[in-house]
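Encoded as structure tokens, the structure appears first; notes follow it.
The values are calculated or read from the model by the stated rules, or taken from the named source; none is laboratory data. In this text, all values refer to a predicted model and were calculated from it rather than measured experimentally. Note that each Cβ is placed from the backbone with ideal geometry, even for glycine, and that neighbours are counted across all protein chains shown. Just the protein is used for accessible areas: all its heavy atoms, side chains included, with ligands, DNA and RNA removed. Shrake-Rupley method; radii C 1.70, N 1.55, O 1.52, S 1.80 Å.
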Amino acid sequence: MEATSTPTNSKMITKILYAAGDIGCNFVWTFVSGFLMLYYTDSVGVSAAFVGTMFFVSRIFDGASDIGIGLIIDRTNTRWGKARPWLLWFCIPFVISLMLLFRVPDSLSDMGRNIYIYATYLFLVVICYSFVNLAYNALLPRFSLTVHDRNVVAAVRGLAVVATALAISILTPILLDAFGGVEYQETWGRISTLYAGIALVMILLTFFGVKEKIPSSQDDGSVDKVPIKKALAISLKNKYFYVATGLFVVFYASMGLGGVTIFFARDVMGDANLLGLISGVLILPMLLATPFLPALYKKFGKRNVMFVGALIMALGCGLQLIRPDDLMLYVIFAILRGLGSIMFSMPIFTLAADIVDLDEHRHGLRAEGLITSVNSFGMKVGTGFGAALVGWVLAHGNYDADAAVQGQDALNAMIALQISIPMILSVILAILLIFWDIEKHNIGEKKSEAEA
């Protein structure tokens, strides 16, 4: 396996192939986050409250799995490296879990249906997604070895992710109509199969195209088996571990609320086909701004740009609340939200890599699997909590899947989930960022000087 003595930048083709893996993950995760609630309520026929509770309960198992899987990755030693092999080993179970999720058998009793829903959702998020996403994120600090290079990787990855999210938000309603409608099980089965195939190809591109530059053995030649107790002790004493976890949980709670967007478009704005427009105006400024952001992070500091982004997101939400059912005003202020979102979110996956470098500098230990479990844990706990809020708040607003027109309480619930709660979460993000001052340690510069 190739080793390097000094930090080097990864080639652009490697960055693109790395981003492909996130495209694959998002063809699963974005689809599930945005449409699973609609599938369960309007096709399978379960209550929004049941779905919300299921999302929440699954996180109890999810948190434990992320820590355990992170430690497993840290103790992996293969000819492919430490993180990379798990992409190969779990890519097929991962896409199969997506197809199972959207195929609840009609023949099951109510109890059997509920058990199937829990079992398939837990299989996807607790096992399959945990292994794939943790390995994917643990791969970043093992092939991209400098802070600036990681910011560029994050920009390429960010472009890929927002383009994928836009494609899914536009394509899915079209496919739902083309394949027969929201209420039919076969419709969802066909779409999940299509997205599973795309996800599989993208993840395999990352596996075959991205090589780990850090060998799976220590410099002295001993097998790299990270001591679990030491790794945990170091992480639990590091304030940045908690801050990064909080940032992920809160930001992805906001992302988890995206499950209400299809309801918001259909019932508040009056047309489900507006989903593409509503999602697109958030994503367009992300696509336009992304190429310029690495230079901003380098000049002003990653934390400072993220802080401003969080405030811009809160401002955009506040302005949307003036007339939440006015499509024109919503679109205009959604551009602000999208700009703030990409300023905040693009480097968020580099936070764990920064912690890995800091722990190596302080303690001589690289626990990529454990530290990057922050990413997966925060994403899943956050999106799970956000998705649970969608179910609970819709149920509180008396959402009726069979009603042609929803009552005002249900409409108010959708507005709160689409605008008000994201505004509150954005303010919390800004507060958390006050405590992220890791850049003062200048670990990237010290590392370059030491290895030059």
From the option list G444, G364, single residue qualifying as out of contact with any Leu (no Cβ under 8 Å at 6 or more places or on another chain), at pLDDT below 75 and at positive phi is G364
Take P215 and decide whether it is at pLDDT below 90, surrounded by 17 or more Cβ atoms within 10 Å (Cβ to Cβ) and either in contact with a His (Cβ under 7 Å, 6 or more places away or on another chain) or farther than 30 Å from D106 by Cβ (or both).
yes
Among L351, L365, the single one that is farther than 30 Å from Y39 by Cβ and part of a loop (DSSP other than H, G, I, E, B) is L365
Go through (1) surrounded by fewer than 19 Cβ atoms within 10 Å (Cβ to Cβ); (2) in a helix (DSSP H, G or I) for R323 and report which single condition fails.
(2)
Identify, please: which residue in the range 80-109 is within 19 Å of L36 (Cβ to Cβ) and without any contact (Cβ under 8 Å) to a residue 12 or more places away in the chain and is, among those, most open to solvent (accessible area, probe 1.4 Å)?
L108
Is it fair to say V374 is in a helix (DSSP H, G or I), at pLDDT below 75 and under 17 Å from the mean Cα position of the chain (by Cα)?
yes
Single residue of Y129, Y116 found to be out of contact with any Ser or Thr (no Cβ under 6 Å at 6 or more places or on another chain), at pLDDT 95 or above, assigned to a helix (DSSP H, G or I) and among the hydroxyl-bearing types (S, T, Y)
Y116
When you scan the range 182-197, do you find a residue that is modelled with pLDDT under 85 and part of a loop (DSSP other than H, G, I, E, B), even just one?
no
Specify which of the listed residues (L122, L140, L145) is outside any helix (DSSP H, G or I) and in contact with a helix residue (DSSP H, G or I) (Cβ under 9 Å, 6 or more places away or on another chain).
L145
Among the candidates I428, I438, single out the residue that is buried (at least 18 other Cβ atoms within 10 Å of the Cβ), among the β-branched types (V, I, T), modelled with pLDDT under 95 and over 23 Å from D325 (Cα atoms).
I438
Which ones in the range 126-184 are open to solvent by 20 Å² or more (accessible area, probe 1.4 Å) and among the charged types (D, E, K, R)?
D177, E183
Just one of I348, I312 is of a type in the set (A, V, I, L, M, F, W, C), closer than 20 Å to A163 by Cβ and open to solvent by less than 60 Å² (accessible area, probe 1.4 Å); which is it?
I348
If you scan the range 328-340, which residues turn out to be buried (at least 18 other Cβ atoms within 10 Å of the Cβ) and of a type outside the set (D, E, K, R)?
Y330, F333, A334, L336, G338, L339, G340
Subset of the range 163-180 [modelled with pLDDT under 90 and among the small types (G, A, S)]:
A163, A165, S169
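Please specify each residue of the range 390-418 satisfying the condition of being hydrophobic (A, V, I, L, M, F, W, C) and crowded, with 24+ Cβ neighbours inside 10 Å.
V390, L394, A413, M414, L417
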Could you grab the pairs with beta carbons closer than 9 Å, sequence gap of 6+ or different chains, first residue in the range 145-172 and without any contact (Cβ under 8 Å) to a residue 60 or more places away in the chain, second one among the small types (G, A, S)?
L171/G276
For L108, are the conditions met, namely being of a type outside the set (V, I, T) and assigned to a helix (DSSP H, G or I)?
no
So A20, is it open to solvent by less than 20 Å² (accessible area, probe 1.4 Å) and modelled with pLDDT of 90 or more:
yes
Name every residue in the range 234-252 that is exposed (fewer than 13 other Cβ atoms within 10 Å of the Cβ) and at pLDDT 75 or above, in order of residue number.
K237, K239
